[in-house]
Amino acid sequence: MRRIVVNTGSSVLKSIILVLVLLSSLGCKKNNNKKDHQFASFFNAVQDSTVKDTLKPKYLEAKIIRILDGDTVEVLYGELPIKLRLAHIDCPEKRGKQPFGNKAKIALSDLCFGQMVQIDSDKKFDRNGRLIGVIFNADGLNVNKEMVRLGMAWHYKKYSDDMSYDLLEKEARKNKVGLWIDPNPIAPWAFR
C-alpha cells in the first residue's frame with residue numbers, strides 16, 4: 001500500500017502529482033494491479049483539474065468507510081482509500097478528550113457513514129496529506145454545514161471565507177445547540 005503526503009504549494013503539488021502518475025502508470029503496466037489503476041485515475045483527475053483552473057471542480061463519488069473524528073473521514077474511491085478533511089469547519093478534538101469531541105464524531109457518523117457521497121473539492125490537500133472537501137450525503141445534505149448547524153463544529157474562519165457557515169454558527173450559538181450549551185467552549189485551534 002502506498003502512503004502519500006502532498007504539500008499544498010501548487011507547483012510542488014503539480015510536480016508531485018505528475019511523478020506519482022508516471023510511477024503509478026509504470027506500476028500498472030508492470031503488474032496490472034487494479035488498485036494502481038484506481039490510484040492513477042484519481043491523481044489524473046486531480047492533475048487535470050489543477051492544470052485547468054478555469055473548469056469547475058468535478059464531484060468525486062466515494063463511499064464513507066471510516067469516521068476518524070468530527071471533521072475527518074476516510075472514503076473509498078474505487079478501491080483507493082483517501083482521507084478527507086471537511087472544508088470550512090473545525091470540530092472539537094477527540095485526542096485530549098476535548099468536550100464534544102466524541103459527540104462530533106458520532107454526529108458525523110450518523111450523517112454519512114457507509115453512504116455513497118458526493119465530494120465537492122478544489123483538489124487541495126492539507127499539510128497532513130488529506131484531501132479537503134465538502135460532503136453531500138445520500139440525501140443531498142451538505143454534511144459540513146449540518147455539523148455547524150447541529151453545534152458540533154466551528155466555522156474555521158482561518159481557512160474559509162464562506163459566510164454561510166458563520167451564519168449557521170451564530171444561529172447554533174444563539175439556540176445553545178450542541179457544544180454551545182457550554183458557557184465557555186474552547187475552540188479546537190486553541191485546545192490543540
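The values are calculated or read from the model by the stated rules, or taken from the named source; none is laboratory data. As the structure is a prediction and not an experimental result, all values here were calculated from the model. Counting neighbours? That spans all protein chains shown, and the Cβs are built from the backbone with ideal geometry, glycine included. Note: accessible area is taken over every heavy atom of the protein model, side chains too, but ligands, DNA and RNA are not part of it. Shrake-Rupley method; radii C 1.70, N 1.55, O 1.52, S 1.80 Å.
A few comments on the model shown:
- Among the numbered conditions (1) part of a helix (DSSP H, G or I); (2) open to solvent by less than 60 Å² (accessible area, probe 1.4 Å); (3) out of contact with any Pro (no Cβ under 7 Å at 6 or more places or on another chain), the only one that Ile106 does not meet is (2).
- Filter result for Asp120 (farther than 16 Å from Ile67 by Cα and open to solvent by less than 70 Å² (accessible area, probe 1.4 Å)): yes
- Every residue from segment 141-173 that is in contact with a Leu (Cβ under 9 Å, 6 or more places away or on another chain) and either of a type in the set (A, V, I, L, M, F, W, C) or free of Cβ contacts under 8 Å to residues at least 12 places away in the same chain (or both): Leu141, Val143, Met147, Val148, Leu150, Met152, Ala153, Trp154, Ala172
- For segment 148-179, the set of residues classified as farther than 15 Å from Asp71 by Cβ and surrounded by 19 or more Cβ atoms within 10 Å (Cβ to Cβ) consists of Ala172 only.
- Top-ranked residue of segment 63-82 - restricted to ones that are touching a Cys at 6+ places or on another chain (Cβ under 8 Å) and over 12 Å from Ile135 (Cβ atoms), ranked as most open to solvent (accessible area, probe 1.4 Å): Asp69
- Top-ranked residue of segment 125-142 - restricted to ones that are part of a loop (DSSP other than H, G, I, E, B) and open to solvent by less than 30 Å² (accessible area, probe 1.4 Å), ranked as nearest to Cys112 (Cα to Cα): Asn137
- Among residues of segment 81-103, those that are under 15 Å from the mean Cα position of the chain (by Cα) and either closer than 13 Å to Leu150 by Cα or part of a strand (DSSP E or B) (or both), counted: 9
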